[in-house]
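S.K.: Quick one: structure below, then a few questions.
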Amino acid sequence: MADALLLGIDLGGTKTEIIALDANGEELLRERRATPAHDYAAILDTLAAMVAEAERKLGARGTLGIGTPGALSPASGLLRNANTVCLNGKPLKTDLEARLARPVRIANDANCFALSEASDGAASGAEVVFGVIIGTGTGAGIVVDGRVLNGRNAIAGEWGHNPLPWPNDDERPGPDCYCGRHGCIETWLSGPGMRRDHEHIAGEPLEPARIVAGAPNDAARAATLDRYIDRLARSLAHVINLLDPDVIV
């Protein structure tokens with residue numbers, strides 16, 4: 001099979017999604033699977049299986065790019081700073097290239113998102129773009145003049161591991177974070193962070209989508225959403241003070 005496809009994978013902490021495009025950028029296939037987030041070998045198996053299945057269905061071979069949490073260390077080539085912690089310290093790029101017998105391009109998922117929005121999305125034409133990803137974790141990418149700003153250590157935009165700005169007394173010291181500290185922005189703004197906050201205050205274990213949907217008719221859910229918005233605003237205020245972006249997406 002010739003490399004007739006463009007394959008892209010979003011490797012998230014909860015789900016993994018693959019898309020296949022033709023040479024003109026037309027979508028041919030999109031599929032999603034749960035991420036086996038605590039098992040590195042199972043993640044490799046999942047990625048390899050999704051590529052094989054897409055190519056089997058479409059009858060063509062593809063080039064492959066993957067957006068991951070964290071980033072490859074410029075020094076070692078190993079993945080680091082991923083909230084899917086089983087990926088940290090692993091040679092993901094090398095292992096996948098061996099499994100799939102082709103080059104694999106890997107980039108931070110938030111950087112991919114920010115570049116996409118700056119290229120032809122909500123921030124198209126903006127000079128400085130701060131693209132925010134909030135899901136299982138909390139991250140961001142920075143694009144300046146159409147180019148991703150990676151930083152010397154490939155951690156530019158990782159605002160999720162700054163401490164929550166201007167914390168209230170009841171927000172100190174903050175929840176424990178997988179990075180070894182506590183009170184990181186990610187522990188408050190991620191999906192699990194919102195769920196934890198609501199359960200802690202309201203005693204009701206709910207997923208974020210249900211909290212938001214129920215906020216108009218439920219005082220406890222509305223209060224959780226208000227706290228969340230306030231924390232998001234404080235966190236973005238620090239970004240604005242440091243970066244002063246044209247657009248935040």
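The values are calculated or read from the model by the stated rules, or taken from the named source; none is laboratory data. In this text, all values refer to a predicted model and were calculated from it rather than measured experimentally. Using ideal geometry, Cβ is built from the backbone for each residue, glycine included, and neighbour counts are taken over all protein chains shown.
S.K.: Whether any residue in the stretch 206-218 is closer than 21 Å to Gly157 by Cα, touching a Gly at 6+ places or on another chain (Cβ under 8 Å) and either without any contact (Cβ under 8 Å) to a residue 12 or more places away in the chain or surrounded by fewer than 20 Cβ atoms within 10 Å (Cβ to Cβ) (or both) is what I want to check. Break it down stepwise before answering.
M.R.: First, pick out the residues of the stretch 206-218 that are closer than 21 Å to Gly157 by Cα: none.
Among the residues of the stretch 206-218, not one is closer than 21 Å to Gly157 by Cα, touching a Gly at 6+ places or on another chain (Cβ under 8 Å) and either without any contact (Cβ under 8 Å) to a residue 12 or more places away in the chain or surrounded by fewer than 20 Cβ atoms within 10 Å (Cβ to Cβ) (or both), which makes the answer no.
S.K.: Follow-up. Glu186: in contact with a strand residue (DSSP E or B) (Cβ under 8 Å, 6 or more places away or on another chain), within 27 Å of Ser116 (Cβ to Cβ) and either assigned by TED's automatic domain parsing to the domain that holds Gly77 or at pLDDT 95 or above (or both), yes or no?
M.R.: Values: in contact with a strand residue (DSSP E or B) (Cβ under 8 Å, 6 or more places away or on another chain): yes; within 27 Å of Ser116 (Cβ to Cβ): yes; either assigned by TED's automatic domain parsing to the domain that holds Gly77 or at pLDDT 95 or above (or both): yes.
Taking the combined requirement at face value, the residue satisfies it.
S.K.: Which of the residues that make up the stretch 145-157 are more than 19 Å from Gly77 (Cα to Cα) and surrounded by fewer than 16 Cβ atoms within 10 Å (Cβ to Cβ)?
M.R.: Of everything in the stretch 145-157, those that are more than 19 Å from Gly77 (Cα to Cα) and surrounded by fewer than 16 Cβ atoms within 10 Å (Cβ to Cβ) turn out to be Asp145, Gly146, Arg147.
S.K.: Now a separate question. Scan the stretch 146-179 for residues that are farther than 25 Å from Asp197 by Cα and either among the polar types (S, T, N, Q) or in contact with a strand residue (DSSP E or B) (Cβ under 8 Å, 6 or more places away or on another chain) (or both) and jot them down.
M.R.: Across the stretch 146-179, the qualifying residues are Val148, Leu149, Asn150, Asn153, Ala154, Ile155, Ala156.
S.K.: Mind checking which residues of the stretch 34-87 are touching a residue at least 60 places away in the same chain (Cβ under 8 Å) and closer than 12 Å to Leu7 by Cβ?
M.R.: Arg61, Thr63
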